[in-house]
Amino acid sequence: MGRYIARRLLIAIPTLIVISFVIYAILALAPIDPLSQFGADPRVPAEVRERIRESLGLNQPWPIRYVKWVTSMFRGDFGVSFMSHSSVGDLIAQRLPNTLAVVGVAYVLGVAMGIPVGMISAIKRYSIFDHVATTVAFMGFSVPTFFTGLVLIIIFGINLRWFPFIYSSTLQIKDLDTFWLQIRQSIMPITVLALFNVATIARYVRSEMLEHLPLDYVRTARSKGLVERLVVLRHVLRNSLIPVVTLVALGVPTVFGGAIVTEQIFRVPGIGELLVTSISNGDIPVVATVVFIFAVLVVTFNLFADLLYAVLDPRIRYA
Amino acid sequence: MATTQARFTTAPVKADMLRPPRSLWTDAWYQFRRHKLAMAGLGVLSFLILATLIGPYLWQVRMDALDYSIALEGPSPDHPFGTDNLGRDLFARALWGGRVSIAVGLSAVLIAITLGTLIGALAGYFNRLDNPLMRLTDLFLSLPILPLLLIVIYLFRDPLRAAFGPEVGIFIMIVTVIGVLEWMPVARLVRAQFLSLKQKEFVEAARAIGDPDFAIIWRHILPNTLSPVLVAATIGVGGAILTESTLSFLGLGFPPDVPTWGRLLYDAQNFIEIATYWVFFPGFLIFLTVLSINYIGDGLRDALDPRKT
Amino acid sequence: MESSYLHRGFALAVTATIALAACTQPGTSPSAAPSGSAAPVAQRGAGGELKILYWQAPTILNPHQATGTKDNDASRLVLEPLASWDKNGAPLANGLASEIPTVANGGVAKDFTSVTWKLRTGVKWSDGTPFTADDVVASYTYQCDEAAATSTFDVCTGVKSVTAKDPNTAVVTYSASQPFYYQWGVGFNSPILQKAQYANCLGAKAKDCPADLKPIGTGPYKVNTFKPGDTVLYDLNENFRDPNKPFFKTVTFKGGGDAASAARAVFQTGDIDYGWNLQVEASVLKPMAANSTLARLLTAYGSSVERLLVNFSNPDPSLGDKRGEPDTKHPFFSDIHVRRALAMATNRSAVAAQLYGDGLAGKATCNLLTAPEPMNSKNTDSLDVCKFDLNAANKELDDAGWAKGSDGIRAKGGVKLKIVYQTTVNSVRQSTQAILKADWEKVGFSVELKSVPAATFFTNTSPDGANHFWADVEMFTNSGDPDPTSYLSSTASCKQATGKANNWNFGNYMRYCNADYDKIIDQLRTETDTAKRNQLAIQANDILTKDVAVIPLITRVAPTPDGVSKALKGVDPSPWDSAMYNIADWSK
């Protein structure tokens, strides 16, 4: 196992270099432009546009820009944002807490609730609980997340006035009141995201458990006189977790990537919001860095998943 | 299909005895038929497909006829789904757009799961391929989607339009794009199942009697990985239907006047309080489609599972 | 989660709007300095927090490095120009100048080559240091250095120098007679930076300047916290020159989200005092504003015009490198009758009524240049190309020999009237497309609609962009410049035809070329008589309409349809300047 991990870590380096190159190439070749914000404004004439482009270093060929970016990144310098002239590292550091407080919490909730919901749905297949869970889940898959958000805003934000729908990132938690305010302002975005996550995870758990419940080893365990709950938890769930581990490993990096739509609707200034505005502003240093960090997380968490498979199913071996 | 159904239903008791020896597929169909929810799902889905295919010819109101005097009117016999802010008949639009939405949803997901299953199976089964294929998956998972889509439009839209015409060309592009961007989770899921299953006794047994790799993959392991794939597929159809409309905002999708279900939803969002029906119907149609596919998937899995009777 | 990853596209759609902010216009009759006269005398800092919401977030607080209205507006609370533009496009002395220089008071040289600005005395920067004419000079040096690549550089063109005659007098000298002598110094393009703070940010160093995130200004507020792309928190500036102002102790300037929910926050919950650019379908916004006890909609008209451009070059992809170049000819729009028929089949009043709420967010117009009022042509309304008449359009095409085929599409000599009509992704625009398409198809055009995200549309690097204009008709909003010369010239003069040679950086996207039009523009550059200038501008406008180079549709509320709390006093929007130009006068 140790040798396998070492080998995977070694492979990760060239993998990430290739990924970083592909990312940069895509950004450099895509028709996104830091000057598009000026629109058709006649007050920013052609020469001025060219001059701004030049001052951003955009007149250099992109492979050269790539090499500069990659080498400075190895020194821990992520570059300077075209739009705000501030360091990309600072921008990400400013956004990350908001993303973790909303998207991260929603993800943890989603996994924590999705597994039991999926289990109950499987054990009591076609019970009322299962039907309700299935219906709600598929309602969630049938409308875009922004719709769920909009409905929540109209009901709880506007008609009932329970929760604010403009997230304040400058709120400082000093006492119970401000803490309560923080909870109130995060409830709606967290709900939207958590619902989606619960639904997804529950579907996979349900289906995987259904696959395992009628298997021989479950029957054996039952006939040995084990309590049903133990059978389910110790045997069926454990064996059903491989897809869940896979999904969670795929999901954690997306937590960092933020939830673009939800962040936008509730005005949570998270990484997702940063990414999407940076893309439309052609702010390549920001986009490249966020996407690259995302890639590092993808590689890392897929490695974790592979290691966890072996724990869950000791027969799995990697050559 | 209708005739088969009729024959079975007229002689339910005798069927078991009189039936000729069953092949895998007739057996599966027999099992499937007994799954009530699956049959209901199949019925609803067939109805939706039929309605969107022939509906526009039966429903004479034009989907793009403007009439400001009846703008934003609720459902009525003349306009069962109501009208939008320009007085267009939403029923006609939903029928017309449904074709595209259902076709995009099903084909895109088919591409995604085929590709994902293929790559996952190869990576999971052959140790040599595992690393390269999974690193490729990592790469795809890391790609910045939006800029990538913009490049795809830039490079392929005009050639595809020239080759296949505006509608088919765009359809091919959308379906491919969604398929190519959504296969990775399926690949990871299938591979994980393969890693676990290929060590199991029945695979050892198959190998011992000299079954070729292909047969082991196809006949022994793959059927057992079906359940996460089916879940991914059912969730994916809804996602693909909605993604299609997202793509059209990038200039990648159909022209803005093709009223796909996703598009109708987006157009309706600001009118949610004034014209709830405008939001409701397309949302409900997508829901029906996805839910019926889910139950078909449920039935299919049960039907293909030899342990169930 | 995967699907939210893909939904990035939606967010783009939300950000898709253009309306460039206000622009200015040569002031003819400068108003007296009413700074402080607007609201009854209020107590400094008596109000609590003022909440402003923009759905585009400010990313930088230096207006000279701004990339959009959001940056100009957010920095205007802190940084002030010498004077602002008022509602009518006349300069207003609410800034650093104590009075508006005119020819009459001797401030403007008779030959229009120099302007002498008298500065207020006793003004202090928010750090307590005194403001002098040296700051004005330093600010000019920073802004007008090519190496600094400022986005406001255009107001530097033709400026020979800015010098300090004494600590309270600054002189702007133009290299030639400049009829638009307020070009440098007035409005959102010329806020004054502090010399000391920007001493190390000159030239090429301007791109990496920490002062841009926390500028020291003379304005009523100072920056407390700035999170780029998110929020600015301001405190009142104790050193502000008017002891009674500003009214609010703090200001929160929040960015992000979408226009629809911003409208809800203003009209339905009152969470926000000022909501910017509430661009929502009129049929949604109208009842929302009408039923609201909390807020009202601001409507002022400037020169923002939603227009259709007609392509004069040939966008056929088979031309390869020659595609859409200025020296190619459009297969059917080169025929004036086709253009005229298209214009006559364009139902702008339906668009205005159904989508812009007839005056709520815009009104129908047949002028490209709608403001200031003396330059708004009265001649176009009676033109046949400005009247919606399908019969006339059909007749025009029949007479010109474009005959309807069996598919209902007109053709002549094997050329079919097939149009690709592009615009940005925006629900109002897509509805406009639907309305126009329906009528155009009735007279025998075949119309394919295309919508492009704003970020791709407004760039010279994308073939889907407005600049390339590789389509037949396109639609967007643009607005006039301080002086219409540069606006009219860049929009339609021969020299400004965009193409490969200028890397699609020029502004004449139609590749329209008309010697008569260019002659008028040349006259505008030198004419100093106000009445004659107005006449020339109207002539230029009328040519574009008559010749159907552009089909103007809607004059839009400008700067933007903003919503403001009914409790908020002193808000008096000027379409020619930043929405925040008189924020010192706001109170509750």
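With respect to the cross-link table entries C:Lys160/C:Lys500; C:Lys160/C:Lys322; C:Lys207/C:Lys245; C:Lys205/C:Lys227; C:Lys322/C:Lys495, which display a Cα-Cα separation exceeding 28 Å? Beyond 28 Å: C:Lys160/C:Lys500; C:Lys160/C:Lys322; C:Lys207/C:Lys245.
Taking the stretch B:265-309, which trypsin sites (Lys or Arg not before Pro) meet the DSSP loop condition and have no more than 13 other C-beta atoms within 10 Å?
Values: sites: B:Arg301, B:Arg307, B:Lys308; in loops: B:Arg307, B:Lys308.
Counting only loop positions with at most 13 other Cβ atoms within 10 Å, the trypsin sites (Lys or Arg not before Pro) in the stretch B:265-309 are B:Arg307, B:Lys308.
Our summary of shape: the Cα atoms of the protein assembly as shown have principal axis extents of 110, 73, 57 Å, ordered from largest down, in whole angstrom. At full extension, A:Arg75 and A:Phe304 could sit 79.8 nm farther apart than now, given 0.36 nm per residue minus the alpha carbon distance.
A 1.4 Å probe, protein heavy atoms only, puts the accessible area of C:Asp439 near 10 Å².
Mind giving me the FRET efficiency for C:Thr173 and C:Ala196? R0 is 35 Å, r the Cβ-Cβ distance, nearest 0.05 is fine. All intermediate terms of the calculation are to be shown ahead of the outcome.
Working: r = 25 Å, r/R0 = 0.71.
Once rounded, the FRET efficiency stands at 0.90.
Here the accessible area is traced with a 1.4 Å probe on the protein chains. For chain A, carbon and sulfur cover 70 percent of it. Heavy-atom accessible surface of C:Lys416, to the nearest 10 Å², is about 90 Å², with a 1.4 Å probe and all protein chains retained. Shape analysis of the stretch C:302-557 yields a ratio of the Cα radius of gyration to the Kirkwood radius, Rg/Rh, of 0.95. Placing dummy labels 7 Å off each Cα toward the beta-carbon, the span from A:Ile128 to C:Asp572 is 6.6 nm.
Taking a span of 15 Å or more along the helix axis (Cα atoms) and a mean Kyte-Doolittle hydropathy of at least -1.0 as the rule, the DSSP H helices of chain B that qualify are B:36-58, B:90-125, B:127-142, B:145-197, B:226-249, B:276-304. Checking every one of the GluC sites (Glu not before Pro) in the stretch A:176-265 against DSSP loop status and a limit of 16 other Cβ atoms within 10 Å picks out no site at all.
Just in the stretch A:121-180: which trypsin sites (Lys or Arg not before Pro) are loop by DSSP and have at most 10 other Cβ atoms within 10 Å?
On the way: sites: A:Lys124, A:Arg125, A:Arg161, A:Lys174; in loops: A:Lys124, A:Arg125, A:Arg161, A:Lys174.
Qualifying residues, ordered by number: A:Lys174.
Report the charge-dipole magnitude of the stretch B:91-308 in Debye, nearest 20, computed about the Cα centre from +1 at each Lys and Arg Cβ and -1 at each Asp and Glu Cβ. The partial results should precede the final answer.
Values: 16 positive and 16 negative charges, 70 e Å.
My answer is approximately 340 debye.
Towards the positive end of the charge dipole of the stretch B:91-308, with charges on Cβ (+1 Lys, Arg; -1 Asp, Glu), say which of B:Leu133, B:Tyr266, B:Ser248 has the farthest Cα. Positive-most Cα among the choices belongs to B:Leu133. Across the stretch A:122-131, rounded Karplus estimates of 3J(HN,Hα) from the backbone phi angles (6.51 cos²θ - 1.76 cosθ + 1.60, θ = phi - 60°) give 6, 5, 9, 4, 6, 7, 4, 4, 4, 5 Hz, Gly and Pro being marked x. The separation of the stretch C:495-548 from the stretch B:65-136, counted between C-alpha centres, amounts to 47 Å. A straight line joining the Cα centroids of the stretch C:450-479 and the stretch A:239-282 runs 30 Å.
What does the charge add up to near A:Gly57, with Lys and Arg as +1, Asp and Glu as -1, over the other residues with Cβ less than 11 Å from its Cβ? Charge balance near A:Gly57 sits at +3.
For Cα pairs less than 8 Å apart in space and 6+ apart in sequence, what is the mean separation divided by the residue count of the stretch C:367-503, i.e. the relative contact order in percent? Walk me through the numbers before you get to the answer.
Numbers: 142 pairs, mean separation 25.9, N = 137.
Value for the stretch C:367-503: 19 percent.
For the pair A:Glu54 and A:Leu29, a Förster radius of 25 Å applied to the C-beta separation gives a FRET efficiency near 0.80, rounded to the nearest 0.05.
Taking label points 7 Å from Cα along the Cα-to-Cβ direction, C:Lys329 and A:Leu9 give a separation of 7.2 nm. Other residues with beta-carbon under 13 Å from the beta-carbon of C:Asp381 carry, at +1 per Lys or Arg and -1 per Asp or Glu, a net charge of +3.
Label-to-label distance for C:Thr299 and B:Arg219 is 7.7 nm, based on points extended 7 Å past Cα in the beta-carbon direction.
Can you tell me the relative contact order of the stretch A:107-201? Whole percent, Cα pairs under 8 Å, sequence separation 6 or more. Each step should come with its number before you reach the end.
Details: 79 pairs, mean separation 46.4, N = 95.
49 percent.
When both the stretch C:45-65 and the stretch B:139-201 are represented by their alpha-carbon centers, they are found 42 Å apart.
Taken residue by residue and averaged, Cβ atoms of other chains lying within 10 Å of the Cβ of C:302-311 number 0.
In the protein assembly as shown, what percentage of the DSSP-assigned beta bridges are antiparallel, given to the nearest 5? Each step should come with its number before you reach the end.
Values: 55 of 75 bridges.
So the antiparallel bridges in the protein assembly as shown amount to around 75 percent.
Among residues other than A:Met83 with Cβ under 15 Å from its Cβ, the summed charge is -3 (Lys and Arg +1, Asp and Glu -1).
The values are calculated or read from the model by the stated rules, or taken from the named source; none is laboratory data. Everything numeric here is computed off the predicted structure, so don't read it as measured data. Please note: Cβ atoms are built from the backbone with ideal geometry, for glycine as well, and neighbour counts cover all protein chains shown. For the accessible areas, the whole protein counts, side chains as well, though only heavy atoms, and no ligand, DNA or RNA atoms are used. Shrake-Rupley method; radii C 1.70, N 1.55, O 1.52, S 1.80 Å.
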